[in-house]
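The values are calculated or read from the model by the stated rules, or taken from the named source; none is laboratory data. Fair warning: this is a prediction, and the values are worked out from it, not measured in the lab. Note that we place each Cβ from the backbone using ideal geometry, even for glycine, and neighbour counts take in every protein chain shown. Accessible surface is based on the protein model in full, side chains and every heavy atom, while ligands, DNA and RNA are left aside. Shrake-Rupley method; radii C 1.70, N 1.55, O 1.52, S 1.80 Å.
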Amino acid sequence: MKKYQVVGIGNAMVDVLAHADDTFLAEAGVQKGIMQLIDMDRGVELYGRIGPAKEISGGSAANTIAGIALLGGRTAYVGKVKDDQLGAIFAHDLRAQGADYATPLAPKDAPQETGRCIVLVTPDGERSMNTYLGVTEFLSPSDIVEDQMAAAEWIYLEGYRFDGPESHEAFAKAIAACKGAGGRVSLTLSDPFCVERHRDAFRRMIRDDVDLLFANRAEILSMYQTDDLEKALAQAAAEVELVACTESEKGAHILSGGQRWHVPAVPTDIVDATGAGDLFAAGFLWGLTNGHDLPVCGRMGCIAASEVISHIGARPEADLHSLFVQHGVL
């Protein structure tokens, strides 16, 4: 048995969550429903305009790893923070969930700060993310410990992290170490605009290295440059052994070995859609690494996603294991 079921690699962020209406978004120049990269000056300006906010450790893949850890999974995370107040918050929160976290801190005198994402949540539950990456953008191959990657059944790569200058090389090092020791590779596409920025690199990775692809409808359509979901799913399934594509209230599509399953969503009053895909991946990967069949893994993903969108913040507040029992999947 390997030491870790899943090791995640991605952004290390602190989320700043606030409510806002569509008028505020328009006046502040925020594009609704997507992730926009911002610089430090814009982050300070936007933070000054929002109302009361809640600060919670985040980062897409970190949310997934936290979810798996809360379910009792053996996990670790690799993501860069600075030796500052927000960096300490991030590290403490992730370790408190039960995940191993030992990525070297950027020094106190580093010019960039720990990354943060200002998440504006509108009354319809949609989230508009304004992300200052800070030091997490500078994750490098030296931050990847090959023995740790080799100790993982799966590694989980965050598409957002493709925006760093050395991230592609860091991912390549992690993939080689993991696969060289018999492990497997999963990738989440993260965002359609992220796909547009790195489509060619993503396609090469998907074809050559990825065993499990996570995406939502918009991301997979962007990846395969079509407006036809069926065509996109078929192309993905031809390139990857296992595809898990979410479609909001329509649930999820799971494709593997020429078979396909549709998993219905769990009806939920949406408070904040932040983290839905992250927790879907958490439930799915926990199920997969604990020997459950693919439709059950998909169901676990949908249950976990429904929990996280029922409240503010991208980390679970309810006991996911108990929810799985309540819904009859355990």
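Points to keep in mind about this one:
- Exactly one residue out of ALA244, ALA215, ALA273, ALA252 is closer than 27 Å to ALA53 by Cβ and in contact with a strand residue (DSSP E or B) (Cβ under 8 Å, 6 or more places away or on another chain): that is ALA273.
- Verdict on GLN5 being assigned to a strand (DSSP E or B), more than 14 Å from CYS117 (Cα to Cα) and polar (S, T, N, Q): yes
- Residue under evaluation LEU288, criteria (1) open to solvent by less than 20 Å² (accessible area, probe 1.4 Å); (2) farther than 18 Å from VAL308 by Cα; (3) assigned to a helix (DSSP H, G or I), criterion not met: (1)
- Across the stretch 285-330, the number of residues qualifying as over 20 Å from VAL243 (Cβ atoms) and either hydroxyl-bearing (Ser, Thr, Tyr) or within 18 Å of the chain's Cα centre (by Cα) (or both) comes to 14.
- Counting only residues that are open to solvent by 20 Å² or more (accessible area, probe 1.4 Å), part of a loop (DSSP other than H, G, I, E, B) and either small (Gly, Ala, Ser) or at positive phi (or both), the stretch 165-189 holds 2 of them.
- Residue within the stretch 58-81 that is crowded, with 17+ Cβ neighbours inside 10 Å and among the charged types (D, E, K, R) present: yes
- Residue selected from the stretch 254-270 under the condition touching an Asp or Glu at 6+ places or on another chain (Cβ under 9 Å) and closer than 23 Å to ARG127 by Cα, by the criterion surrounded by the fewest Cβ atoms within 10 Å (Cβ to Cβ): PRO267
- Only one of THR274, THR289, THR246 that is among the polar types (S, T, N, Q), touching a Gly at 6+ places or on another chain (Cβ under 9 Å) and within 16 Å of LEU70 (Cα to Cα): THR289
- Considering (1) over 16 Å from the mean Cα position of the chain (by Cα); (2) in a helix (DSSP H, G or I), the lone condition that CYS194 does not fulfil carries the number (1).
- Residues of the stretch 320-330 satisfying the condition of being within 21 Å of ILE270 (Cβ to Cβ) and out of contact with any helix residue (DSSP H, G or I) (no Cβ under 8 Å at 6 or more places or on another chain): GLN326
- Of the strands (runs of 3 or more DSSP E) lying entirely inside the stretch 81-164, those carrying at least 2 residues that are modelled with pLDDT of 95 or more are 152-158.
- Residues being assigned to a helix (DSSP H, G or I), surrounded by fewer than 19 Cβ atoms within 10 Å (Cβ to Cβ) and touching a residue at least 12 places away in the same chain (Cβ under 8 Å) - total across the stretch 298-328: 1
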